[in-house]
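The values are calculated or read from the model by the stated rules, or taken from the named source; none is laboratory data. Every value quoted in this text rests on a predicted model; they were computed, and no experiment measured them. Positions of Cβ are generated from backbone atoms using ideal geometry, with glycine treated the same way; all protein chains shown enter the neighbour counts. Ligands, DNA and RNA are excluded from the accessible area calculation, which covers all protein heavy atoms including side chains. Shrake-Rupley method; radii C 1.70, N 1.55, O 1.52, S 1.80 Å.
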Amino acid sequence: VDPELLELALAELAAQLQPVRWGVIERSEPVENLELTVHVPDAAELRLLATFFPVRTPGGEISGVGGIIVDVTELVETREALRVSEARLGAIVEHAPVAIFAKDASGRVVLANARLGEALGHGAEDIIGQHGDALTSPEIHAPHLAHDAIVLAEHRTIEVEEVVPAEDGPHTFLTVKFPLP
């Protein structure tokens, strides 16, 4: 950002913050994590996070207001991009016509869509946080666990047929398992 344009924008910001500074003096309390937006001419807007606090003399009287202002523009933009990306991925996972799940290294389900819930006869929210042995019998869970072990040990994708219990009898699924970073 051009330093002269930034200086103009910050001068406008200083005028806007005058009531905040007076409030700090009147209440004798800090104002923390104040989110600000500054429009810089011919540039993108800046997103700032500010904290103002009373500055005291050795006798405890307020002699002024101190402040810290941090430019969090990049952080805010990154968080928004992440939120959009997560929403897109969530929509894909939830509306996919197949069962999708992810497990952590201990075998605990950390992501499950509604199709997986339907296949296992549970709600997806009931599956998250569970280990496979809590969702299926030991004889059904053992091959799943063995397949997971191959993926973790060899760091490669595998395609296997896995049996899942259902109300109308066991169903066999072609499962693609791969390591997640």
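A few remarks follow.
- If both residues of a DSSP beta bridge must be in segment 1-138, then about 100% of such bridges are antiparallel.
- Helical contribution to [θ] at 222 nm, DSSP H n ≥ 4, -39,500 (n - 2.57), averaged over the chain, rounded to 500: -14000 deg cm²/dmol
- Solvent-accessible area assigned to carbon and sulfur over segment 19-174 amounts to 56 percent, based on a 1.4 Å probe.
- Close amide H partners of Ile100, meaning residues 5 or more places away or on another chain with modelled amide H under 5 Å apart, are Asn113, Arg115, Leu116.
- Range of Cα positions in the chain per principal axis (Å), largest first: 76, 43, 32
- A 1.4 Å probe run over the protein chains yields, for segment 2-141, 65 Å² of accessible area per residue, whole-number rounding.
- For segment 1-98, a Kirkwood hydrodynamic radius built from all Cα pairs, placed in the Stokes-Einstein relation at 10 °C and 1.306 mPa s, yields a translational diffusion coefficient of 98 µm²/s.
- If you sort the three axes of the alpha carbon gyration tensor as a ≥ b ≥ c, you get a/c under 1.5 for segment 90-181, which makes it rounded.
- C-alpha long axis of helix 73-95 to longest principal axis of the chain, angle in °: 20 degrees
- Sorting the segments 153-161, 24-32 by their mean number of nearby beta carbons within 10 angstrom, highest to lowest, gives 24-32, 153-161.
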